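Following: one structure in structure tokens, then a few remarks.
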Amino acid sequence: MFLLFLRTLLVYAAVIGGLRFTGKRQLGELSTSEFAVTILVSELASIPLQDTAVPLLGGIVPLVTLLAVEVLLSCLCRRSRRARRLLCGNPCVVIKDGTFDTKMLRMLRLAPEDILEGLRIAGVPRMEDVRYAIIETNGQLSVIPRAGQQPLTPDDLNMQPNEQGMPLVVVSDGKLVHYNIRQLGRTEESIVQLCRERGAASLDSVFLLTLDDCGNAFLQLRSGGAS
């Protein structure tokens, strides 16, 4: 029983390490080759777990080989446009100026209802409001509305709003997040001082503090107050 427990931990560590090495794509953003590798990895990882007679190395070596091939192919796709087109395909325009491309739909084996569903999900319920609808190489639908249907921006109104950065958590549950503090070029002392300026009696009383590179901060105390 202990041997099975140890084998499971080792295989799990190998799978997680390998997938982390190959990249950070989400499941819905996988290319065809990446999706195939994901399926094969799950099958290969299950073999040494189900059959203890199979050497652990005999299950990990094919796993590592498969992931290494995927990394090599991804590097090849970055260097060669032809290889990327062969492995990943090309984006396909299925709607142009509010009209379906029926030939493209037949080639992709998609029904108009499939595209209309994707338009509703994208927040464009009327097909006549679509300038382009594109099936990307990962299978997702990208929608470009007509100019008159696109939301107004501050530039359209000649406004100049304050810049907003990406908020990073610098205090979580009373503890400093040192990595994010270094990312912002701040010191621990400056974060503690900011907490005091925002009404926190001590660092322990802070439930959450976020800060961006533009100086915008949000603080929530353990008692529920925010500033």
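The values are calculated or read from the model by the stated rules, or taken from the named source; none is laboratory data. These numbers were taken from a predicted model, which means no experiment stands behind them. Cβ atoms come from the backbone with ideal geometry, glycine included; neighbour counts cover every protein chain shown. Surface areas here come from the heavy atoms of the whole protein model, side chains and all, with no ligands, DNA or RNA. Shrake-Rupley method; radii C 1.70, N 1.55, O 1.52, S 1.80 Å.
Annotations for the structure displayed:
- In the range 97-129, residue farthest from residue 87 (Cα to Cα) [restricted to those that are within 26 Å of the chain's Cα centre (by Cα) and open to solvent by less than 40 Å² (accessible area, probe 1.4 Å)]: 124
- Any hit, the range 70-79, residues being of a type in the set (Gly, Ala, Ser) and either assigned to a helix (DSSP H, G or I) or farther than 30 Å from residue 145 by Cα (or both): yes
- Exactly one residue out of 78, 85, 146 is modelled with pLDDT of 90 or more and charged (D, E, K, R), and it is 146.
- In the range 72-89, the residues that are at negative phi and either acidic (Asp, Glu) or open to solvent by less than 100 Å² (accessible area, probe 1.4 Å) (or both): 73, 74, 75, 76, 77, 80, 83, 87, 88
- Across the range 130-183, the qualifying residues are those that are hydroxyl-bearing (Ser, Thr, Tyr) and closer than 30 Å to residue 116 by Cα, and the one among them that is surrounded by the fewest Cβ atoms within 10 Å (Cβ to Cβ) is 153.
- Within the range 120-140, the residues that satisfy the criterion of being touching a strand residue (DSSP E or B) at 6+ places or on another chain (Cβ under 6 Å) and among the hydrophobic types (A, V, I, L, M, F, W, C) are 122, 124, 130, 133, 134, 135.
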